[in-house]
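Colleague: Below is the structure I would like to discuss, written out as structure tokens.
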Amino acid sequence: MTRNLAPGLLLIILLASVGQARAQSDAMHRAYAAVEQRTLAEYEFNMAGITRQMLSSGASPGRLAPIRERMKMLSYNRAVLFAQCAAEAEKDRMPSAEPIPPERNLMLTTCVEIKLGELQKYSQLAAYADFFFPERIETCAEQSRLPELEKVLAPYPLLQIDKPRLFDFARYNKCLMTR
């Protein structure tokens, strides 16, 4: 009798894990869509300030292009890391559970705080590494990419860039400083 239960039990476990993965993927897509307008507004606000500052300092408008691409990449990564955290926070919740407002969801806010901290640290380390260890930038970028996630969540239309790349910033930071 036990032998007959084993294949059925295995099938139930596999189906449950597939269902859970699908629910997590759906949660990530919903969260990514939910932050689109805010992400684009933040990007435009930041670019307006950067543009004003650069032009008032006498910098040529041509110097804005690489900064614009970097800001698009950072905005894309911020939106995706929020979506990842939202999916992670929902992972173990029952589908019928009452939704928790994002600002009161401790799992979500903690995850976002940690991941944004790594992103901010990257912003500081990248400038340092670019000056002292420029050879590390591209190597560490490739080692820290999340290509499977890039296939799942494309940049918003306004944030289209030549090479849309998502990163694990904790891994990227470690690579920049220890390689």
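The values are calculated or read from the model by the stated rules, or taken from the named source; none is laboratory data. Values in this document were obtained by computation on a predicted structure and should not be read as measured data. Don't worry about glycine lacking a Cβ; one is built from the backbone with ideal geometry, like all the others, and counts go over all protein chains shown.
Colleague: Restricting attention to the range 116-130, and to residues there that are surrounded by 12 or more Cβ atoms within 10 Å (Cβ to Cβ) and modelled with pLDDT under 90, which single residue is nearest to residue 31 (Cα to Cα)?
Modeller: 126
Colleague: Name the residues in the range 136-149 that are of a type outside the set (Lys, Arg), over 15 Å from the mean Cα position of the chain (by Cα) and closer than 21 Å to residue 66 by Cα, would you?
Modeller: Those that are of a type outside the set (Lys, Arg), over 15 Å from the mean Cα position of the chain (by Cα) and closer than 21 Å to residue 66 by Cα: 137, 138, 139, 140, 142.
Colleague: Could you please find all residues in the range 100-115 being out of contact with any Leu (no Cβ under 6 Å at 6 or more places or on another chain) and either crowded, with 16+ Cβ neighbours inside 10 Å or of a type in the set (D, E, K, R) (or both)?
Modeller: Listed by number, the residues that qualify are 103, 104, 105, 107, 108, 111, 112, 113.
Colleague: Check 83, 34 and return the single one that is small (Gly, Ala, Ser) and at pLDDT 95 or above.
Modeller: Sole residue among the options that is small (Gly, Ala, Ser) and at pLDDT 95 or above: 83.
Colleague: Tell me, yes or no, whether the range 56-70 has at least one residue that is at pLDDT 90 or above and touching an Asp or Glu at 6+ places or on another chain (Cβ under 9 Å).
Modeller: yes
Colleague: Just to be sure before I move on: is residue 97 surrounded by fewer than 18 Cβ atoms within 10 Å (Cβ to Cβ), more than 16 Å from the chain's Cα centre (by Cα), within 25 Å of residue 141 (Cα to Cα) and among the small types (Gly, Ala, Ser) in the structure I sent?
Modeller: no
Colleague: If you take the residues in the range 37-96 that are outside any helix (DSSP H, G or I) and not hydroxyl-bearing (Ser, Thr, Tyr), which one is farthest from residue 108 (Cα to Cα)?
Modeller: Among those residues, the one meeting the criterion is 58.
Colleague: Restricting to the range 150-179, give me the number of residues that are buried (at least 17 other Cβ atoms within 10 Å of the Cβ) and over 17 Å from residue 69 (Cα atoms).
Modeller: The qualifying residues number 7.
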